[in-house]
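One structure below.
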Number of protein chains: 2
Amino acid sequence: MAGKRLEKMEENRAKLIAAARKAFAEKGFANASMDELTADAGLTRGALYHNFGDKRGLLAAVVDQLDGEMAARAREIGAKSAGHGEGDSWQALLAEGAAYIEMALDPEIQRIVLLDGPAVLGDPSQWPSQNSCLAETRKGVRAMVESGVMKPVDIEAASRLLNGAALNAALWVAASDKPAEVLPKAVEAFSLMADGFRAKS
Amino acid sequence: MAGKRLEKMEENRAKLIAAARKAFAEKGFANASMDELTADAGLTRGALYHNFGDKRGLLAAVVDQLDGEMAARAREIGAKSAGHGEGDSWQALLAEGAAYIEMALDPEIQRIVLLDGPAVLGDPSQWPSQNSCLAETRKGVRAMVESGVMKPVDIEAASRLLNGAALNAALWVAASDKPAEVLPKAVEAFSLMADGFRAKS
DNA sequence: GAACTTGACATACGAGACGTATGCGACCAC
DNA sequence: GTGGTCGCATACGTCTCGTATGTCAAGTTC
């Protein structure tokens, strides 16, 4: 019966992160009170500072979780899209891009990952979690550059621009009056723009 | 001798905005103290709240000023690039994009317009100043779509994606270890990606 | 198995920072 | 010249974060 201590600790960490996700998404990082947040989780600020160091640490943990979930979903969609074709990795990239745009319509992801995240933690490329989403895109881009599907562009630059464009498009869609009407336009424009990276057939 | 009152008021507004630009750029919006900031301008918080309503209002005014400066510079560069050619508006668009990327290397613009701005004021498309930069890009895109230089893509979507990609690229360049080496890669990748919007020759 | 030690978490405290309500004094009108 | 208006300063209350200290259960050692 060893590890009852760590078990409880992980449980509390999870509860705090869950409460933080809700509070940050609803009120924004700056306006979220740590007292309320921890009370919702049935704890106090003591637990928070012990586990995450400070408020930024908590945000980093939340962003890490969300980022991981996004990357997992993108991978899943990418795999599905590339699977039933005969290795059309280009379709997979477009599908991933569209998936990012759609995922970012979730207020939780918008507010926390796209708005507060960069402002508080700095540019995504230097996040502690190292940005799983970007890594996912980079993997795809690298494979396509090496296989000649994409032009011989700088892998890091292309990944960054594709990801940035997708997430930025999502922000625009979400802020628009009628997201349902605007989304397809954003996806289409993204596909066109990404096509600039494609090797001439 | 009329308007000595308004004159002084505008002068103070300008001093506050200038002090805010410096404070926000150096410490970030959240960590900038309004007491220090106003003291630097030789005033107190009373003037600030009277002129801008609250801290967000001040940020909005600062962002508006920076955005205007950026748009003016982009217009200038775009005009120069299109001028000596025979109406090659495409080159002008690329030049504008590159200009945005370079401008965003300025810490003031990065921190205030790209990071804190969206987080505090929300998505740029719904800023009070209505985002001059975006308007500038939109103008160019619309002209090119109508003249057939660009594919018949949704103007709003294309403008948003181009702008977002450029600014995002700038964030990446600035966060990298050696900006001087990375910048050309970002500009090249941007040009390639934008080329996806270009009508097939 | 009992005393000791560790460490996760709670509580208490201090230091700002924001926003508002109130007061003052200079400009403008008549 | 007098009254009013308005821009700005001052004073206050409230909230929040971060740290320092206390406490009690879980793990450890003999």
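The values are calculated or read from the model by the stated rules, or taken from the named source; none is laboratory data. Keep in mind the model is a prediction, meaning the values are calculated, not measured. Cβ placement follows ideal geometry from the backbone for every residue including glycine, while neighbour counts extend to all protein chains displayed. Accessible surface areas use protein heavy atoms only, side chains included; no ligands, DNA or RNA. Shrake-Rupley method; radii C 1.70, N 1.55, O 1.52, S 1.80 Å.
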Open item on the list: Please state the shape class of the protein assembly as shown: rounded when a/c is under 1.5, otherwise prolate if a/b exceeds b/c and oblate if not, all from the C-alpha gyration tensor.
Closed with: oblate
Task: Neighbour net charge for A:Glu36 - beta-carbon separation under 11 angstrom, K R +1, D E -1 - done: 0
TODO: Could you tally the net charge around B:Pro128, taking each other residue with its Cβ under 14 Å from the Cβ of B:Pro128, Lys/Arg +1 and Asp/Glu -1?
DONE: -3
TODO: Enumerate by residue number the trypsin sites (Lys or Arg not before Pro) in the range A:1-93 meeting two conditions: DSSP loop (anything except H, G, I, E, B), and at most 10 other Cβ atoms within 10 Å of the site's Cβ.
DONE: none
Open item on the list: How would the range A:1-118 be classified by its alpha-carbon gyration tensor: rounded, prolate or oblate, with rounded meaning a/c under 1.5 and the a/b versus b/c comparison settling the rest?
Closed with: oblate
Open item on the list: Counting just the Cα atoms, what span does the range A:98-154 cover along each of its three principal axes? Round to the nearest Å and put the largest first.
Closed with: 37, 24, 15
Task: Cut-off under 5 Å, modelled amide H: who pairs with A:Arg198 long-range - done: A:Lys151
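Quick check of the Kirkwood formula: for the range B:62-197, what is the inverse mean of 1/r over all pairs of different Cα atoms, in Å? Kindly include the intermediate steps, with their values, before the conclusion.
Details: mean 1/r = 0.0665 Å⁻¹.
Roughly 15.0 Å, rounded to one decimal.
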- [ ] List the accessible area buried at the contact between A and B, summed over both sides and calculated with a 1.4 Å probe, in Å² to the nearest 100.
- [x] 2900 Å²
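What number comes out for the charge environment of B:Gly68, summing +1 per Lys or Arg and -1 per Asp or Glu over other residues with Cβ under 12 Å away?
Residues near B:Gly68 contribute -2 overall.
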Task: Projected label distance in nm at A:Asn31 and B:Tyr49, using a 7 Å step from Cα toward the beta-carbon - done: 1.9 nm
Open item on the list: Residues of the range A:117-149 that become at least 10 Å² less accessible with every protein chain present than in their own chain isolated, using 1.4 Å: which are they?
Closed with: A:Pro118, A:Ala119, A:Asp123, A:Ser125, A:Gln126
TODO: Before anything else, pin down the relative contact order of chain B: Cα pairs under 8 Å, at least 6 apart, normalised by residue count, whole percent.
DONE: 21 percent
Task: Loop sites in the range B:59-150: GluC sites (Glu not before Pro), DSSP, at most 16 other Cβ within 10 Å - done: B:Glu86
- [ ] Would you kindly work out the equivalent ellipsoid of the range A:1-53 from its C-alpha gyration tensor and give its semi-axes, the square roots of five times the eigenvalues, largest first in whole Å?
- [x] 23, 10, 8
Open item on the list: How large is the Kirkwood hydrodynamic radius of the range A:133-188, counting all unique pairs of alpha carbons, in Å?
Closed with: 12.4 Å
